[in-house]
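The values are calculated or read from the model by the stated rules, or taken from the named source; none is laboratory data. This one's a predicted model, so the numbers in the text were calculated from it and none came from an experiment. In this analysis, Cβ positions are derived from the backbone assuming ideal geometry, glycine residues included, and neighbour counts consider all displayed protein chains.
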C-alpha cells in the first residue's frame, strides 16, 4: 500500500467533522471541529448570551414565576387593616398613649384599651367595660362571674350575690370590700341601661339606693 493510499484510507475512517449528537435533554448539539458534545454544551452554557438568559430566567422565577406569590403578598400588605390591627400597629410603632390612638383612629378610648389588653400589650387599665373576670384588686376574686343581666332573673340573682358579699364585708368592717360591691352593682346598672335593658338596670339601681 502506497503512502497516498494510506492517507486516503485514514481520511475516510475519520468521522464527519460536522455532525449532530443527542444531548441529555434530547436536544441536538452540533459537533464542531471534532470537539465533543460535552465541550460544546459547556461552551454554550458559559457563553455571555447564555448567562444573560439564565439571569432573565432567575428574574422570572422571582418576579415572574413567583409573581403570583409576590402579587398576593403585595395585595395582603395593601389590604386595609381592621381597626384592631391598626390599634396594635400604632402601639407597636411607639404610640402607647390610649387617648392618642383613639384620636387618630376615631375610636373610643375604652375600645382601644380593650383591644390592647386582649392583645397582651396593655395591663392595669380598667373602666366600665372591663370584664369582672379580670382582677382589678384583691377584692375582684370575690366578684368573679357574679355580674349578669342577660335576663331579669339573672340580674336579680346577681344582686343577691352582691348583697351577700356586701354584708360579709360589713360584718368585718371592711369598707373597701363594701365599696367594691357597690362598684360592681353600679357597673351592672350602667351596662344594662346603656344596652336598653331598663328593667334589669333598675334591679341594680334599687339595690344601690338602699345602700
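A count restricted to the stretch 81-101 and to residues that are crowded, with 16+ Cβ neighbours inside 10 Å and at pLDDT below 90 stands at 0. Note on the stretch 108-211: enclosed helices (runs of 4 or more DSSP H) holding 3 or more residues that are outside the structural domain of residue 88 (by TED's automatic domain parsing) and loosely packed, with under 14 Cβ neighbours inside 10 Å are 152-172, 175-193, 198-209.
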